[in-house]
Amino acid sequence: MTEERLHTSVLVSPAGEKRAQRRARRAAATKLTAAARAEQVAVAHASRAAARAARRSTRYLPASGEPGPAALRTTGRLRLPHHQDTSATWAGAYPFLAEGGLGADGVFIGQDHNSGTAFVYDPWVLYQRGLITAPNMVIAGIVGAGKSALAKSLYTRSIAFGRRVYVPGDPKGEHTAVARAVGGVAIELGHGSANRLNPLDEGPRQANLDDQQWHAQVAARRRNLVGALTETVLERRLTPLEHTAIDIALTDAVRSADVPVLPMVVDRLLQPDDAALADDGRLAGHALRRLVAGDLAGMFDGPSTVRFDPALPMVSIDLSAVAENTTVVSLLMTCASAWMESALMDPGGGKRWVVYDEAWRLMAHPALLRRMDAQWRLARYFGIANVLVFHKLSDLDNVGDQGSANRALASSLLANAETRVIYRQETDQLGPTAATLGLTRTERQLLPDLGKGQALWRIRDRSFLVTHQMVPTELELFGTDARLV
Ligand SMILES: Nc1ncnc2c1ncn2[C@@H]1O[C@H](COP(=O)(O)OP(=O)(O)OP(=O)(O)O)[C@@H](O)[C@H]1O
Ligand SMILES: [Mg+2]
């Protein structure tokens, strides 16, 4: 339909319009249409002219590049003089390219992304070579980053080198299957388990002690342990009067039985022979009574049904049945770690890993934190490498109040660990993590983009970007997301 006819058809003729008027109206409509079209044509012309002008004023490089020296390339072959040198010299010539590596002695971890080579690690080897001054390590990263998997690979792969592994408290029970697979034991503790731990057990005897030293050591260990259990239930330190009351009750209980058990100590605390002591030990007695007759009964109140065998390749204490009850976790771990300590404190015991997985839960208990700290300080002497696994470095700031002794202990754990393995971190953690570890800007930028199994390894002031590689049997054994996939 032409434009004119369109106008004619849309314009409604007013009623009673004369012929002359109709002609005039149609003529006016035709004129309007023509003017609009002329304007459109003029605008199109103008924009085509502007585009042509813009094209003409832009200079493009020729497709084959600038001619002559400006081409910055030669048609002939590039010839450089041949030069050969030692890697020590090249490290000086290209200082920022790649790390020299830690050598080939140790357990295979995976691939080092800076050099493309295999990454191996063994804290004892690094210590011998003077690269670190303490064999402890911390592993931090968000949930599911692969922290526990790394710890499991590290210790299982090193069992082949004669190392042994202790997990003094495993709140998720995820090391149980691994312990059994490598020929070790996992001891399940808690309500519903038939296993009992007698805090008054003598524990394994070190070969280098004579009878007198051994009895003194057992007596000290029992006193410490019963004291620590009482403190945990009371949630405060013992008073000197309570110390005395416990000591007298304990000595009496030990004298009167071949296998002393906790109920005997409780009876003597609540009804001592010397009535003057009754008041002194009353609170301690009631606190310990909780372990014998109260809600915590059945775990500590009889002879031990499980034995701690330090000769096994791996021993893990599975606390998954009681993980939600912080008092029970703390009490069980206090007993278990006292038990393990006697084996750990044997300098002839060889090189051993002690793994604290989910350490942020364990560090909430002051008594455990003090034990851990003591063990970390002595690690070198006893040949122990401690591994602390948690989510973020600021977990350490949540231990105790600002400026408190416990906060200082938590910070000293980090200070005594020269190997820090950092998995992916939440963005709000980048600043604090970078500041604590002295990361460079590039290292800091890497942290939020690390994938599963990828971590930044800081070994003293050296850095490695490493992907932890696992074989299919490990993936099957170490997997923790079976319920999700
Ligand atoms: N390097 C890796 N390659 C492939 N899969 C991995 C790797 N590391 C871990 N995984 C898998 O990712 C899952 C989670 O790993 P893991 O349990 O070690 O995480 P996590 O950091 O300890 O988590 P959480 O903080 O919850 O304890 C596991 O099922 C494991 O098999
Ligand atoms: Mg884990």
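Working only within the stretch 105-127, note down all residues that are over 15 Å from Tyr155 (Cα atoms) and within 16 Å of ligand 1 (Cβ to nearest atom).
Once the filter is applied, which keeps residues that are over 15 Å from Tyr155 (Cα atoms) and within 16 Å of ligand 1 (Cβ to nearest atom), the stretch 105-127 yields Gln111, Asp112, His113, Ala118, Phe119.
Just to be sure before I move on: is Ala179 free of Cβ contacts under 8 Å to residues at least 40 places away in the same chain and either within 20 Å of Ser337 (Cα to Cα) or of a type in the set (Phe, Trp, Tyr) (or both) in the structure I sent?
no
In the list Arg483, Arg380, Arg460, Arg371, which residue meets the criterion of being charged (D, E, K, R) and either modelled with pLDDT of 90 or more or farther than 30 Å from Thr176 by Cα (or both)?
Working: Arg483 fails: either modelled with pLDDT of 90 or more or farther than 30 Å from Thr176 by Cα (or both); Arg380 fails: either modelled with pLDDT of 90 or more or farther than 30 Å from Thr176 by Cα (or both); Arg371 fails: either modelled with pLDDT of 90 or more or farther than 30 Å from Thr176 by Cα (or both).
Selected residue: Arg460, the only one of Arg483, Arg380, Arg460, Arg371 that is charged (D, E, K, R) and either modelled with pLDDT of 90 or more or farther than 30 Å from Thr176 by Cα (or both).
Within the stretch 267-277, can one find any residue that is over 30 Å from Ala181 (Cα atoms) and among the small types (Gly, Ala, Ser)? Quick ask: steps written out before the conclusion?
Restricting attention to the stretch 267-277, the residues satisfying the condition of being over 30 Å from Ala181 (Cα atoms) are 267-277.
Then keep just the ones that are among the small types (Gly, Ala, Ser); that gives 275-276.
So far as the stretch 267-277 goes, yes, one or more of its residues are over 30 Å from Ala181 (Cα atoms) and among the small types (Gly, Ala, Ser).
Give the residues of the stretch 50-95 that are among the polar types (S, T, N, Q) and more than 30 Å from Ser463 (Cβ to Cβ), sorted by residue number. Step through it out loud before you land on a result.
Of all residues in the stretch 50-95, those among the polar types (S, T, N, Q) come to 57-58, 64, 74-75, 84, 86-87, 89.
Those that are among the polar types (S, T, N, Q) and more than 30 Å from Ser463 (Cβ to Cβ): Ser57, Thr58, Ser64, Thr74, Thr75.
Just to be sure, is Ala276 assigned to a helix (DSSP H, G or I) and free of Cβ contacts under 8 Å to residues at least 12 places away in the same chain?
yes
Kindly indicate which of Leu241, Leu225 is surrounded by fewer than 20 Cβ atoms within 10 Å (Cβ to Cβ), assigned to a helix (DSSP H, G or I) and not assigned by TED's automatic domain parsing to the domain that holds Leu369.
Exactly one of Leu241, Leu225 is surrounded by fewer than 20 Cβ atoms within 10 Å (Cβ to Cβ), assigned to a helix (DSSP H, G or I) and not assigned by TED's automatic domain parsing to the domain that holds Leu369, namely Leu241.
For Leu234, state whether it is in contact with a helix residue (DSSP H, G or I) (Cβ under 6 Å, 6 or more places away or on another chain), hydrophobic (A, V, I, L, M, F, W, C), at pLDDT below 85 and surrounded by 15 or more Cβ atoms within 10 Å (Cβ to Cβ).
When the stated conditions are applied, Leu234 does not pass them.
Being among the hydroxyl-bearing types (Ser, Thr, Tyr) and away from ligand 1 (no atom under 16 Å from the Cβ): is that true of Thr480 here? Before the answer, list the steps.
On the way: among the hydroxyl-bearing types (Ser, Thr, Tyr): yes; away from ligand 1 (no atom under 16 Å from the Cβ): no.
So Thr480 fails the test.
Determine whether the stretch 403-424 contains at least one residue that is under 30 Å from Arg163 (Cα atoms), β-branched (Val, Ile, Thr) and more than 16 Å from ligand 2 (Cβ to nearest atom).
Yes, because at least one residue in the stretch 403-424 is under 30 Å from Arg163 (Cα atoms), β-branched (Val, Ile, Thr) and more than 16 Å from ligand 2 (Cβ to nearest atom).
Only one residue in Asp122, Asp201 is out of contact with any Phe, Trp or Tyr (no Cβ under 6 Å at 6 or more places or on another chain), at pLDDT below 90, surrounded by 16 or more Cβ atoms within 10 Å (Cβ to Cβ) and acidic (Asp, Glu), so which one is that?
After applying the criteria, what remains is Asp201.
When only residues in the stretch 249-273 that are polar (S, T, N, Q) and part of a helix (DSSP H, G or I) count, which is nearest to Leu238 (Cα to Cα)?
Thr251
Taking the stretch 303-357, which residues are away from ligand 2 (no atom under 16 Å from the Cβ), surrounded by fewer than 21 Cβ atoms within 10 Å (Cβ to Cβ) and within 21 Å of the chain's Cα centre (by Cα)?
Passing the criteria: Glu324, Thr326.
If you check Asp461, Asp428, Asp397, which single one turns out to be touching a helix residue (DSSP H, G or I) at 6+ places or on another chain (Cβ under 8 Å) and free of Cβ contacts under 8 Å to residues at least 24 places away in the same chain?
Asp397
Hey, any hits in the stretch 77-95 for a residue that's touching a residue at least 40 places away in the same chain (Cβ under 8 Å) and under 30 Å from Gly453 (Cα atoms)?
There is no residue in the stretch 77-95 that is touching a residue at least 40 places away in the same chain (Cβ under 8 Å) and under 30 Å from Gly453 (Cα atoms).
Might you let me know whether the stretch 435-445 holds any residue that is within 16 Å of ligand 2 (Cβ to nearest atom) and under 17 Å from the mean Cα position of the chain (by Cα)?
Looking through the stretch 435-445, none of the residues is within 16 Å of ligand 2 (Cβ to nearest atom) and under 17 Å from the mean Cα position of the chain (by Cα).
Of everything in the stretch 158-191, what is surrounded by fewer than 18 Cβ atoms within 10 Å (Cβ to Cβ) and within 16 Å of ligand 1 (Cβ to nearest atom)? Give them in sequence order.
Selection gives Lys172, Gly173, Ala177, Ala181.
Would you mind stating whether Ala297 is surrounded by fewer than 18 Cβ atoms within 10 Å (Cβ to Cβ) and modelled with pLDDT under 80?
no
Just checking, which of Thr86, Thr75 is at pLDDT 75 or above and outside the structural domain of Asn114 (by TED's automatic domain parsing)?
Sole residue among the options that is at pLDDT 75 or above and outside the structural domain of Asn114 (by TED's automatic domain parsing): Thr86.
Would you pick out the residues in the stretch 34-90 that are among the β-branched types (Val, Ile, Thr), outside any helix (DSSP H, G or I) and farther than 30 Å from Gly101 by Cβ? Lay out the reasoning, then the answer.
Going through the stretch 34-90, the residues among the β-branched types (Val, Ile, Thr) turn out to be 41, 43, 58, 74-75, 86, 89.
With the extra rule that they be outside any helix (DSSP H, G or I), the set shrinks to 58, 74-75, 86.
If the condition is that a residue be among the β-branched types (Val, Ile, Thr), outside any helix (DSSP H, G or I) and farther than 30 Å from Gly101 by Cβ, then Thr58, Thr74, Thr75 are the ones that fit.
Restrict the check to the stretch 433-449 and report whether at least one residue is modelled with pLDDT of 85 or more, within 13 Å of ligand 1 (Cβ to nearest atom) and under 28 Å from His175 (Cα atoms).
no
Search the stretch 118-163 for residues being charged (D, E, K, R) and within 16 Å of ligand 2 (Cβ to nearest atom), and hand back the single one that is farthest from Gly349 (Cα to Cα). Please lay out each step first, then the result.
To start, the set of residues in the stretch 118-163 that are charged (D, E, K, R) comprises 122, 129, 147, 152, 157, 163.
Of the ones still in play, those that are also within 16 Å of ligand 2 (Cβ to nearest atom) are 147, 152.
Values: Lys147: 27, Lys152: 21 Å.
Within the stretch 118-163, the match that is farthest from Gly349 (Cα to Cα) is Lys147.
Here's a check for you: in the stretch 128-152, which residue that is part of a loop (DSSP other than H, G, I, E, B) and over 17 Å from Asp449 (Cα atoms) is nearest to ligand 1 (Cβ to nearest atom)?
In this case the residue turns out to be Pro135.
Does the stretch 118-127 include one or more residues that are assigned by TED's automatic domain parsing to the domain that holds Glu474, in contact with a Gly (Cβ under 7 Å, 6 or more places away or on another chain), touching a residue at least 60 places away in the same chain (Cβ under 8 Å) and in a helix (DSSP H, G or I)? Write out each step before concluding.
So the first thing to find is which residues in the stretch 118-127 are assigned by TED's automatic domain parsing to the domain that holds Glu474, and the list is 118-127.
If we keep only those that are in contact with a Gly (Cβ under 7 Å, 6 or more places away or on another chain) too, we end up with 119-122, 125.
Retained after the next criterion (residues that are touching a residue at least 60 places away in the same chain (Cβ under 8 Å)): 119, 121.
From the residues that got through so far, the ones that are in a helix (DSSP H, G or I) too are none.
Checked the stretch 118-127: no residue is assigned by TED's automatic domain parsing to the domain that holds Glu474, in contact with a Gly (Cβ under 7 Å, 6 or more places away or on another chain), touching a residue at least 60 places away in the same chain (Cβ under 8 Å) and in a helix (DSSP H, G or I).
The values are calculated or read from the model by the stated rules, or taken from the named source; none is laboratory data. Worth saying up front: this structure is predicted, and the values here are computed from it rather than measured. Cβ atoms come from the backbone with ideal geometry, glycine included; neighbour counts cover every protein chain shown.
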